[in-house]
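Engineer: Sharing a structure with you now.
Just so it is clear, none of the values below were taken in a lab; they were calculated from the coordinates. Bear in mind that the values here come from a model prediction, so they are computed numbers and not experimental data. Quick reminder, even Gly has a Cβ in these numbers, built from the backbone with ideal geometry, and neighbours come from all protein chains shown.
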Amino acid sequence: MGERKIIKTTCKSCHGGCGVLATVEDGVIVHIEGNPESPTSGTMCSKGLSSIQHVNHPDRLLYPQKRVGERGEGKWQRISWNEALDTIEQKMKESIAKHGATSIAVSQGTGRGYNEYTHRFARSIGTANIITPGYICHSPRLGLYGLVTGYGRLYCDYHGWGGEFPMTQISWAKQLEISSADGEMAVWFLNSLKHVKNLIVIDPRETALSSRATLWLQIRPGTDAALAMAMINVIINEGLIDKEFVEKWTYGFDKLRERVQEYTPERAAEITWLKAEDIVKAARLFAIDTPGCIQIGSSLERQANCGQTLRAIICLLGVTGNIERPGSMISWVPPDTGQREDFFTEIPITDEMRKGIVGSDKYKMGAARTAHSDSVIKQLLNGDSVVKVWFSVGGQQILHLANTKEVMQALKNLEFLIHADQFMGPMAEIADIVLPAAHWLEIDDIFDMHPRFMIEAHNRVVDPPGEAWQDSKIFNEIGKRIAPKYWFENVEKMLDYQLKKGNMTWKDFSKKVIHARMGKDQIYYKYKTDFWRKGGGFPTPSGKMELYSTVLENLGYDPLPYFQEPGESPVSTPELAKEYPLILSTGYRQPFYFLSQYRNIPWLRSFQKDPVMQIHPDTAKEYGIEDGDWAWIESPRGKIKQKARLFPGILKGMVMATANCFYPEMPAPLHGLLKSNPNVLTNNNHCDPMYGSPDLTCLLCKVYKAEDDK
Amino acid sequence: METHQWMINYTRQTEWIDRRGIFLWIAFYTGGLGGGLYLVSLYFNSLWGMLISWLIIAVIKGGTHLAYLGKPTRFWRIVTRPQTSWLARGFIFVMLFVIFGAIQLVLTYWQPGSAAEIVFKALGGIMAFAVALYTGIILKNMKGVPFWNSALLPILFVLCGILGGFGLSVAIALAGGDVNLSAAEMGSRILLVANALVIIIYLLQADHRETVGRQSVIEQLRGHSAPIFWIGIVALGIVIPLTIAFTSLYTEIASGLIIFGVACEIIGGLALRYNVLKVGAYKPLVAKPQ
Amino acid sequence: MRWGMVVDLSKCVRCYACLAACRIEHFLPMGINWPKLVAMDTGGDDPTVSTYSVRCNQCKDAPCVEVCPTGATQQREDGIVSIDQDKCVGCRYCVVACPYQNRTFLSKDKDQGFFPGIIQTDFEKAGKKLYKHQVGTTEKCNFCAERIDAGTAKGLKPGVDREATPACVNTCPARALTFGDLDDPNSEVSRLISEKKGFQLHPEYNTDPSVYFIDGKIGQSDEKKVDDEPQKELKAIGVGD
Ligand code: SF4
Ligand code: SF4
Ligand code: SF4
């Protein structure tokens, strides 16, 4: 037996954050488990544990490659890093010279932890055309919470550091426990359920938790704003508001009261397909048994009415005083190393950069710091694209953007596409240059997590395979060539730089693994202190929590929340509903996949081979579909097939399709992209006015039995 | 799909019938057939029959069962532990039968009528019966498979073996062997009727035993296994041989046809074992309240 | 002493971590899972979605032990039903006899490697050295007997000390799995079973499983809890500086 050592690191198989102990023997990882001395107390999920297979995967990309055939033909040639970097440098410089820096777009996915680098890189070379999945996942929340707290984060206080746990929790369009994205938060959430009095689950599908919750509201997809408004209606009209908070710390209460009058529980019941008495009950529970918190799911952000839906929910938190109180929604103070975002916000977006942001004229909240993805696609299709060169890291826009066929066409119109990834997926296949990236067990980096009260270290456990580089290095090396003054001698120096406010070097931090502000060091009730404002108050124009948002008013949006029907629904498009009678949501996720990742990891794939769509047995019967059948799902944009699972826990008249699926094992270049990916069905024409989010979880479709898939 | 329905509905036993499990199926059947034939041959005092039954058990039954084992070279672990289980005892029965049978055959050939021969005939007979019986006991004791939990099962297996034994005796007689044809035919007739009755009672009983037992019956009569049941067990195993057997009571029948009837009987017996193994199903691990 | 496990149906979120942890712990061949997840929904008026994380029950009166013809499957003093891979002859009697279907015969096709026909990963190669699986024998969950034995040898307590506790229990993010001594009335498992009416699967088989299940509603906690637990957690990780 050779040398055996245990390395402490941090998982990033989803957004990550669980502490990890990796055992290495003779340079091989032989064991991996949770680190009991971490905030997740030694637990890990199947994704993180299966990293062992990921690291060793025979299909890992090992070398930079360039395309030699036609785009998307699948002919590749290995090249050196030097050649790759030279080509990228030359293409980018050419494009900057000819069309300006905004002609370069930088895109990312949501995993792997490259946010700070994509943004810094883009800004450093003079573009803010950053394409991220944010606008359908989390950005709307950040932006609209930002109208309350300034830096844009409000999280459920699952920790009890202020002496109280939430008494009433609402899980709104969210299965934090298995949504596969925020593993570390799931652990805390599940732990906090020990202390909860009421759990309210709002979901068109039954979940393990909804089965045992105090109240389950089986809502019609896309109508959440009506529910929130009706709950506010009940709370105000029954005098259940948090008087002190509302009077002292909110702005525009009277106008909100007026607005919600039209949303009676009865009217909301009609819209949402819920029972009026359940809406009243939910409102009362939330208003009476405080403190309470609301865990929002990104499904709400995949709807073209997301901005106002979230505004309504924020107002619901406001009238019940569930802001900054222990056990409610908190804006955590980061550790002394500061915001991780400082690493890129220190390079400001210039007016010129801002002008060049695609979609900024329309989506004033969403396309202020990043581009509006669907507008980029439309421009590419129309041939008047601002974006010419696209540098894509990790995320596969070709999969997750709405209307896959248009996206495929659009990407072909690019002048140059670079993609960095660990495997050849559909996005890599249509690129001109593909760069091999490293896995989290192979990198040194700083992990940050959504609730921002801590950072953790990713410590390199094994070396990356072949010539794969970690993302930060890729950005640093390209950055050095194009905008040298913003980049660093090497990755370690760059990490030192990011930690300098905390008086730490990377080496110190790497040993420490976690650096956090928890427990007594957290600050509750910031609005009662000088934290945001001298003498107390919120970091808003009025100094109060704005139920009536002056910021939105100035941008030309309705300052008060309202409900709007989804772009396609039995109500808004009854004609279309005759042909496509079922409600389609494309938000089904499995706990063992992370978005489009991991279908090529045998352990994880063995848990579910084929993408599944859920449908109620009664609805299925109507359409002649039996459990286990392959079924076509068709919308006006196209059709896909998935395996039908008859599930009595889902709303009748609805289809829930598995998101982001492709088949890594199927032939290049498409890898089965069009077979089952529900974005073939989604619509990129109808978008939220603030954020540009398209309807992905509330569309119309029809289903019918498909031939067996062999 | 993989997990959702797993064990919620009725799940078939697969290890002892699917894929390599067919070895076990053949072993189980030939154990019964060989044992039955030996007993019948004792009755007729047919050396041929005894030899053939010895070959069936020693070569086919023993061979297939050994071949089925994951680690055949470790089979000695089984035969040295009779106290452990019926499988071990079964292996020992087979071994003893092979030994006693061999001695008996030698004795019958060279010293017919000797006391030793009689002793070894008795010993061989007991072992042959045990070999035919034990597989039924094994199945009967499986707690998780209601379809098998019936004392009728070992009886059915033994009957079926003896039936096969009579069938083969008829064939031996026709081939000019040392068996009385009409007695063998009469035995066949009786056993065919008894066998058919036991099968019917067995199915009726299983149908009432548990929902899962019922599932097994439904699977037999209407599911994937239905063709084997109707064609194999009912048509080939019962109706055709029975028709031939009873017709031969009244008219002279071509020996070809009788051989055909015997073949049908054997196939019927195989089909019976096959289906019993195939439709044996577990109760759902967690039952869905109805 | 009798080791047992309690699975809380109101907590399990069907994340599959227990399966993955067991695979890593025992370098399981690709075609095998020792624990399994059985998910079901009841439908009807008051529907319930439940996921049963199941594994060998280490039955007190174990049918598999009864039928094993070689003595490879045996019951240890501490209740664990163990299989000696060097003795198992691969007759599969136990596989068929286990009424809970918790045993798997390791056939060749279940051991083709993680990436059949491509390469053997370093992890697999290491596994071949560190944990012996024998094609042609039968396997099942052993309650992580290796961990229990190594841990108790060091004086640690299974179910309390991580090092002596089964891997799946340690990893469960929902804390749905609890491990401990069923014979000790003060153990966490005994307490859960008596307080939450723990039940066994198919008691009518009279096998007396050592794995119990509990269920319940979420959210009865009525007083505003101010316990010192979060602070304790903090001390454990030594942060807040
Ligand atoms: S690890 Fe825990 S929560 Fe996850 S599936 Fe297993 S028992 Fe359930
Ligand atoms: S569950 Fe099955 S394998 Fe485990 S002890 Fe019980 S009978 Fe044996
Ligand atoms: S107790 Fe150990 S062997 Fe059994 S399922 Fe859990 S991890 Fe696997």
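Engineer: Pairs to check: A:K12/A:K66; A:K255/A:K362; B:K71/C:K140; A:K47/A:K705; A:K473/A:K500. Give those whose C-alpha atoms are more than 21 Å from each other in this structure. Intermediate results must be reported in sequence, preceding the final value.
Structural biologist: Details: A:K12/A:K66 28 Å; A:K255/A:K362 27 Å; B:K71/C:K140 17 Å; A:K47/A:K705 32 Å; A:K473/A:K500 19 Å.
Distance filter (> 21 Å) returns A:K12/A:K66; A:K255/A:K362; A:K47/A:K705.
Engineer: With a cut-off of 19 Å, note down the residues of the range A:619-633 whose backbone N falls inside the zone around a label point 7 Å from the Cα of B:T211 toward its beta carbon.
Structural biologist: Only A:627 fall inside the zone, counting backbone N under 19 Å.
Engineer: Hey, if you put +1 on the Cβ of every Lys and Arg and -1 on every Asp and Glu Cβ in the range C:3-215, which of C:A164, C:Q85, C:T207 ends up farthest toward the positive end of that dipole?
Structural biologist: C:Q85
Engineer: Ok, one more. What residues from the range C:8-23 fall in the zone where the backbone N is under 17 Å from a label point 7 Å along the Cα-to-C-beta line of C:R191?
Structural biologist: The answer is C:8.
Engineer: What FRET efficiency comes out for A:D627 versus A:K194 if R0 is 45 angstrom and r is the Cβ-Cβ distance? Round to the nearest 0.05. Walk me through the intermediate numbers first.
Structural biologist: On the way: r = 36 Å, r/R0 = 0.79.
For R0 = 45 Å, the calculated efficiency reads 0.80.
Engineer: What full-extension length gain, to one decimal in nm, is calculated for C:A150 and C:L130 as 0.36 nm per residue of separation minus the Cα-Cα distance?
Structural biologist: Values: separation 20, 0.36 × 20 = 7.20 nm, distance 1.49 nm.
Roughly 5.7 nm would be gained on extension.
Engineer: Under 1.5 on a/c is rounded, so check that first for the range B:94-185, then, if it is not, pick prolate when a/b is larger than b/c and oblate when it is not; a ≥ b ≥ c are the square roots of the alpha carbon gyration tensor eigenvalues. Intermediate results must be reported in sequence, preceding the final value.
Structural biologist: On the way: a/c = 3.51, a/b = 1.55, b/c = 2.27.
Verdict is oblate for the range B:94-185.
Engineer: Find, among the chymotrypsin sites (Phe, Trp or Tyr not before Pro) in the range C:179-213, those assigned to loop by DSSP (not H, G, I, E, B) with at most 10 other beta-carbon atoms within 10 angstrom. Mind showing how you got there, number by number?
Structural biologist: Working: sites: C:F179, C:F199, C:Y205, C:Y212, C:F213; in loops: none.
Sites meeting the loop and neighbour criteria: none at all.
Engineer: May I pose another question? Compute and list, largest first, the equivalent-ellipsoid semi-axes of chain A from the alpha carbon gyration tensor, each √(5λ) rounded to a whole angstrom. Show your work: numbers first, answer last.
Structural biologist: Details: eigenvalues 273, 190, 137 Å².
Result for chain A: semi-axes of 37, 31, 26 Å.
Engineer: Also, I was wondering about something else. Does the range B:5-282 come out rounded, prolate or oblate by the C-alpha gyration tensor, with a ≥ b ≥ c the root eigenvalues, rounded set by a/c under 1.5 and, if not, prolate when a/b is larger than b/c and oblate if not?
Structural biologist: Oblate shape, in that a/c is at least 1.5 and b/c is the bigger or equal ratio.
Engineer: Quick one: work out the % antiparallel among DSSP beta bridges in the protein assembly as shown, nearest 5. Intermediate results must be reported in sequence, preceding the final value.
Structural biologist: Working: 66 of 111 bridges.
Looking only at bridges with both residues in the protein assembly as shown, the antiparallel portion is about 60 percent.
Engineer: Let me ask something else. Which of rounded, prolate, oblate describes the protein assembly as shown, given a ≥ b ≥ c as roots of the alpha-carbon gyration tensor eigenvalues and a/c under 1.5 marking rounded, otherwise prolate only if a/b is larger than b/c? Mind dumping the intermediate values first?
Structural biologist: Numbers: a/c = 2.10, a/b = 2.04, b/c = 1.03.
Prolate.
Engineer: Between beta-carbons, use under 13 Å as the cut-off and find the net charge around A:A173, counting Lys and Arg +1, Asp and Glu -1. Show your work: numbers first, answer last.
Structural biologist: On the way: positive: A:R141, A:K174, A:R205, A:R220, A:R302, A:R589; negative: A:D203, A:D224, A:E301.
Value of the local net charge: +3.
Engineer: Using a 10 Å cut-off around each Cβ, can you sort B:Y109, A:Y151 from fewest to most neighbouring Cβ atoms?
Structural biologist: Starting with the residue having the fewest Cβ neighbours, the order is B:Y109, A:Y151.
Engineer: Sticking with the crude label model, points 7 Å out along Cα→Cβ, report the distance from B:I253 to B:I118 in nm, one decimal please.
Structural biologist: Taking the simple label geometry, B:I253 and B:I118 are separated by 3.7 nm.
Engineer: Under 17 Å Cα-Cα from C:K11, which lysines qualify once same-chain neighbours fewer than 8 residues away are excluded?
Structural biologist: Reachable lysines: A:K174, A:K194, A:K197, C:K36, C:K196, C:K197, C:K217.
Engineer: What does DSSP give for the range A:14-169 in terms of the percent of beta bridges that are antiparallel, rounded to the nearest 5?
Structural biologist: Numbers: 9 of 11 bridges.
Taking every DSSP beta bridge within the range A:14-169, about 80 percent pair in antiparallel fashion.
Engineer: So what are the three principal axis dimensions of the range B:126-257 from its Cα atoms, in whole Å, longest to shortest?
Structural biologist: 48, 35, 20
Engineer: To continue, here is another question. Whole percent per 10 Å bin, from 0 to the bin with the longest distance: what is P(r) over all C-alpha pairs of the range C:3-215?
Structural biologist: Reading upward from the zero bin: 8, 33, 37, 18, 4, 0.
Engineer: List the trypsin sites (Lys or Arg not before Pro) in the range A:530-563 that DSSP assigns to loop (not H, G, I, E or B) and whose Cβ has at most 13 other Cβ atoms within 10 Å. Which are they?
Structural biologist: On the way: sites: A:R533, A:K534, A:K544; in loops: A:R533, A:K534, A:K544.
Answer in residue order: A:K534.
Engineer: Continuing with the same structure: Report the antiparallel proportion of the DSSP beta bridges in chain A as a percent, rounded to a multiple of 5.
Structural biologist: Looking only at bridges with both residues in chain A, the antiparallel portion is about 55 percent.
Engineer: Could you please rank A:I7, C:I148, placing first whichever residue has the fewest other Cβ atoms within 10 Å of its Cβ?
Structural biologist: A:I7, C:I148
Engineer: Fewest first, what order do B:Y282, B:Y29 take by the number of other Cβ atoms within 10 Å?
Structural biologist: Working: B:Y282 23, B:Y29 27.
With the fewest neighbours first, B:Y282, B:Y29 line up as B:Y282, B:Y29.
Engineer: Treat each spin label as a single point 7 Å out from the Cα along the C-beta direction, and report the A:R71 to C:K108 distance in nm.
Structural biologist: Simple spin-label model gives 4.9 nm for this pair.
Engineer: Within the set of other residues whose C-beta is less than 13 Å from the C-beta of A:K281, count the net charge using Lys and Arg as +1 and Asp and Glu as -1. Intermediate results must be reported in sequence, preceding the final value.
Structural biologist: Working: positive: A:K275, A:R284; negative: A:E238, A:E277, A:D278, A:D289.
Value of the local net charge: -2.
Engineer: Right, next: Are there any GluC sites (Glu not before Pro) in the range A:317-414 that are in a DSSP loop and have at most 15 other Cβ atoms within 10 Å? List them by number.
Structural biologist: On the way: sites: A:E324, A:E341, A:E346, A:E352, A:E406; in loops: A:E324, A:E341, A:E346.
Answer in residue order: A:E346.
Engineer: At a 10 angstrom cut-off on C-beta neighbours, averaged per residue, how do the peptides B:265-277, A:293-305, C:113-125, A:43-55 rank from highest to lowest?
Structural biologist: Final packing ranking: A:43-55, A:293-305, B:265-277, C:113-125.
Engineer: Could you work out the local net charge near B:L37, counting Lys and Arg as +1, Asp and Glu as -1, over the other residues with Cβ closer than 13 Å to its Cβ? Write out the running numbers ahead of the final one.
Structural biologist: Working: positive: B:K61; negative: B:E265.
It works out to a net charge of 0.
Engineer: Moving on. Determine the gain in length on full extension of the stretch A:L576-A:D361; use 0.36 nm per residue of separation and subtract their C-alpha separation, reporting nm with one decimal.
Structural biologist: Details: separation 215, 0.36 × 215 = 77.40 nm, distance 3.04 nm.
Using 0.36 nm per residue and subtracting the Cα-Cα distance, I get 74.4 nm.
Engineer: Magnitude of the Cβ-charge dipole of chain A, K/R +1 and D/E -1, about the Cα centre, nearest 20 debye? Display every interim value, and only then the final one.
Structural biologist: On the way: 82 positive and 84 negative charges, 115 e Å.
For this selection, approximately 560 debye.
Engineer: C:K87 to C:K157: FRET efficiency via 1/(1 + (r/R0)^6), r the Cβ-Cβ distance, R0 35 Å, to the nearest 0.05? Please list the in-between numbers first.
Structural biologist: Numbers: r = 30 Å, r/R0 = 0.87.
Step by step, r from the Cβ atoms, then E = 0.70.
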